[in-house]
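Structure first, commentary second.
The values are calculated or read from the model by the stated rules, or taken from the named source; none is laboratory data. Remember, it's a predicted structure, so these values are computed and weren't measured experimentally. Using ideal geometry, Cβ is built from the backbone for each residue, glycine included, and neighbour counts are taken over all protein chains shown. Ligands, DNA and RNA are stripped out before the accessible areas are found, and what is left, the full protein with its side chains, is counted by its heavy atoms. Shrake-Rupley method; radii C 1.70, N 1.55, O 1.52, S 1.80 Å.
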Amino acid sequence: MIYLDHNATTPVAAEALQEMRDVLERVWANPSSAHGPGQAARRVLADARTRIARFLGCGPTELVFTSGATEANHMAVLGACNARRRGAHCGRRRLVLSAVEHPSMMALAARVRDSGCPVDVIPVDGEGRLDLQAAHALIDTDVVLVSVMGANNETGVLMPVAELAEIAHTQGALLHVDATQVVGKSVQRFADSAADLWSVSAHKFNGPKGVGALVVRKGLDWPGLLAGNQERGRRGGTENLPGIAGFAAAAEGAALDLAADVDRMTALRERFESGLKRCSAQLNAPLTIYGCAAQRLPNTSLVRFGELKAEHVLRALERTGVIAASGSACCSGRDLPSHVLLAQGESPQHARCAVRFSLGRHTTSEEIDAALLAVQRVLGSLLNTRH
């Protein structure tokens, strides 16, 4: 199997599995307990927190562990809805998002809009780049929170976080970044981002599923989503200590050769896209590579082969052993046009045809070459069938 769906999830690293196993076997007590075993678990939790904070570029006290980025995003947005009723942000009414946020964030935005909190959306251009002129017009003194992905999970297009932070902060608003896709695929760190809040998920960089974090910048009084004393009162519930330990091990593994991994994935993506262009020319088949004129993640290629539907291409590729996707994993299996491509101006028909190939830090050049051969065979077969 050639797995090219790393934006959906990644295989758990061996070091993360080992650390989780050790914690499950040896340090199984509750970290909130006052007895000896509980305090031993608490020390493991504190150590993992420090290691993860070092990787993300934040302070240990800025880190709030969650079940993943979706919960962290909810904590950021719903916290903003609460903050608008009190403190420094009292009286501010609106949330501002980009038009290409993750489906879970779009669903959350619809929910808070229904509850009475106005939500505005910043458009993107045909390459998926955020319209900063529109952002300037939308973000004013009644905005409590601006929330954007650091990079789009479908196209890989990077968001102008520094520029958005300047706009938001000038107007007294806060900036939340869903950094799920950038962590482990870029050298971006919270300390350098100018964001106030950052969401991450461990399973996007070879950690376990079911664990992530919200980074809350020091000095920001942010309400918790779940009541309880854990996580300095910001997220109640017994911490997922094995998951957090695996998170820490995966973070250290990702940090080892991060810059080199980014360069290598960039080279492999370029090799892959060059191969797709050759294949397209040989078969006289139209090829569209989305976001190729924009700054992108080093590992992501969202492509369309004429009007071949994504589900047909993906099914045929899987029979050859190549695993890819049509976009967000939470929407897979549903014949819906990509809302990201619709926002970029694509037709519903074309937005159903996009196939996403996303590489991992362990993807090899041999796998890329084998995937290209599989794509050529599959396209030849599908095009002959249509004719």
Filter the range 220-260 down to the residues that are outside any strand (DSSP E or B), touching a Gly at 6+ places or on another chain (Cβ under 7 Å) and of a type in the set (D, E, K, R) and list them by number. 221, 234
With 278, 269 as the choices, which residue is in a helix (DSSP H, G or I), basic (Lys, Arg) and either out of contact with any strand residue (DSSP E or B) (no Cβ under 8 Å at 6 or more places or on another chain) or under 21 Å from residue 55 (Cβ atoms) (or both)? 278
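Which one of 189, 217 is surrounded by fewer than 19 Cβ atoms within 10 Å (Cβ to Cβ), out of contact with any strand residue (DSSP E or B) (no Cβ under 6 Å at 6 or more places or on another chain) and modelled with pLDDT of 95 or more?
189
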Taking the residues in the range 336-351 that are open to solvent by 60 Å² or more (accessible area, probe 1.4 Å) and modelled with pLDDT of 95 or more as candidates, determine which candidate is farthest from the chain's Cα centre (by Cα). 349
Select the helices (runs of 4 or more DSSP H) contained entirely in the range 7-119, then report the ones holding at least 1 residues which are among the hydrophobic types (A, V, I, L, M, F, W, C), more than 20 Å from the chain's Cα centre (by Cα) and more than 30 Å from residue 345 (Cα to Cα). 14-26, 36-56, 69-83
Can you pull out every residue in the range 165-211 that is of a type in the set (Val, Ile, Thr) and without any contact (Cβ under 8 Å) to a residue 40 or more places away in the chain? 167, 170, 177
Would you please name the residue that is surrounded by the fewest Cβ atoms within 10 Å (Cβ to Cβ), looking only at residues in the range 355-370 that are within 14 Å of residue 276 (Cα to Cα) and hydrophobic (A, V, I, L, M, F, W, C)? 370
Before we move on, is residue 135 part of a helix (DSSP H, G or I), modelled with pLDDT of 95 or more and either among the aromatic types (Phe, Trp, Tyr) or touching a Leu at 6+ places or on another chain (Cβ under 6 Å) (or both)? no
What tally of residues in the range 141-158 results from selecting those that are closer than 17 Å to residue 123 by Cβ and surrounded by fewer than 24 Cβ atoms within 10 Å (Cβ to Cβ)? 1
Filter the range 49-68 for residues that are of a type in the set (A, V, I, L, M) and closer than 16 Å to residue 191 by Cβ; the one that is surrounded by the most Cβ atoms within 10 Å (Cβ to Cβ) is 52
I need a count of the residues in the range 275-311 that are under 27 Å from residue 188 (Cα atoms) and surrounded by fewer than 22 Cβ atoms within 10 Å (Cβ to Cβ). 6
Only strands (runs of 3 or more DSSP E) wholly contained in the range 282-387 count here; list those with 2 or more residues that are more than 30 Å from residue 150 (Cβ to Cβ), hydroxyl-bearing (Ser, Thr, Tyr) and touching a residue at least 24 places away in the same chain (Cβ under 8 Å). none
Inspect all residues belonging to the range 5-16 and state whether any of them is small (Gly, Ala, Ser) and free of Cβ contacts under 8 Å to residues at least 40 places away in the same chain. yes
